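The values are calculated or read from the model by the stated rules, or taken from the named source; none is laboratory data. Here the structure is a predicted model, which is why all the values come from computation and not from measurement. Methodologically, a virtual Cβ is constructed for each residue, glycine included, from the backbone with ideal geometry; neighbour enumeration extends over all protein chains shown.
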């Protein structure tokens, strides 16, 4: 039953309709009122972030491209900050604490070079507690990023990242108990390029032995033995090859911390997939007019990623499909941010 808009009584009857609006009469208080039952159009900012061009959205809404642009900007500027959603809605105990972070460089007018957008994904939930735009990527930027996570109450057990300048120092300063795991994909690729493996067969035996006896080993106790085997059996007195092995030994802890934490990856592949999607959207946008407009758009992108149901998860993450990542960390489903224009709670509820 439709409740009266005045006295909230259910003793109402329908008395006609016009242009999709139904007219009702309340038998209790005698008030006439209208209710619009027409389907509400999806917020334009969501379609824009998903990839719809302004001109196409204008054709759908019978607006000009310029009008759509102004409306999208207004909607994005009205959104709360992503970190506010995390602080107000999320239960920090529902995050797994395995944080995969990376930076994406953004073209912004007024800056000679692209500037870094640093963001992190909680590995098992795929949720994004925080991301922020900086003018440079250095220790101060990473300290500010980790500092915001600490303010939110997020407690990382381990951070998986590329070998970024200043990241380790910032992590040790803000989260001294958290471990650092360097991405194997990028680390091994640097070795591959140094030895010209793709074009020169000279060091193939050394490289393959390094992969088999060190990087594919799943027991921490066997890694040192593997390094010794490669050093004495495959370097042949070559100083460059010996330096590679000793360099791995020097960074052994950072390269194999993942073995100490269940379900922890040894690469940043997850956020690289997210970066590829973000890159596709940035390519069509072709840069931002100001730091603030870039920061606001990226904030809207994060909110959209957190509230849009996942569809392409594979292997051990198949169970995430059909749910939004925010559903796995939100303290109470009743807190779902329906007040944010266009965001609806997916019908299913995940098992936690």
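So that you can scan it fast, the table gives a plain yes or no per residue for (1) outside the structural domain of residue 156 (by TED's automatic domain parsing); (2) within 29 Å of residue 105 (Cα to Cα):
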{"position": "221", "(1), (2)": "yes, no"}
{"position": "243", "(1), (2)": "yes, no"}
{"position": "251", "(1), (2)": "yes, yes"}
{"position": "304", "(1), (2)": "no, yes"}
Condition broken by residue 301, with the remaining ones in (1) closer than 17 Å to residue 103 by Cα; (2) out of contact with any helix residue (DSSP H, G or I) (no Cβ under 6 Å at 6 or more places or on another chain); (3) surrounded by 15 or more Cβ atoms within 10 Å (Cβ to Cβ) satisfied
(2)
Regarding the range 3-24, can at least one residue be identified that is within 30 Å of residue 333 (Cα to Cα), surrounded by 18 or more Cβ atoms within 10 Å (Cβ to Cβ), outside the structural domain of residue 125 (by TED's automatic domain parsing) and in contact with a strand residue (DSSP E or B) (Cβ under 7 Å, 6 or more places away or on another chain)?
yes
Restricting attention to the range 290-304, does a residue exist that is in a loop (DSSP other than H, G, I, E, B) and more than 25 Å from residue 154 (Cα to Cα)?
yes
Residue that is surrounded by the most Cβ atoms within 10 Å (Cβ to Cβ), among those in the range 157-180 that are without any contact (Cβ under 8 Å) to a residue 40 or more places away in the chain and assigned to a loop (DSSP other than H, G, I, E, B)
175
Of the residues in the range 279-292, those that are crowded, with 16+ Cβ neighbours inside 10 Å and at pLDDT 95 or above come to 291
Quick one: which residue in 138, 122 is under 24 Å from residue 257 (Cβ atoms), over 17 Å from the mean Cα position of the chain (by Cα) and surrounded by 15 or more Cβ atoms within 10 Å (Cβ to Cβ)?
138
Verdict on residue 44 being farther than 18 Å from residue 283 by Cα and either touching a helix residue (DSSP H, G or I) at 6+ places or on another chain (Cβ under 8 Å) or not assigned by TED's automatic domain parsing to the domain that holds residue 133 (or both):
yes
Residue within the range 330-340 that is at negative phi, modelled with pLDDT of 95 or more, loosely packed, with under 13 Cβ neighbours inside 10 Å and in a helix (DSSP H, G or I) present
no
Can you tell me which residues in the range 196-217 are in contact (Cβ under 8 Å) with a residue 24 or more places away in the chain and more than 28 Å from the chain's Cα centre (by Cα)?
203, 205, 206, 209, 210, 214
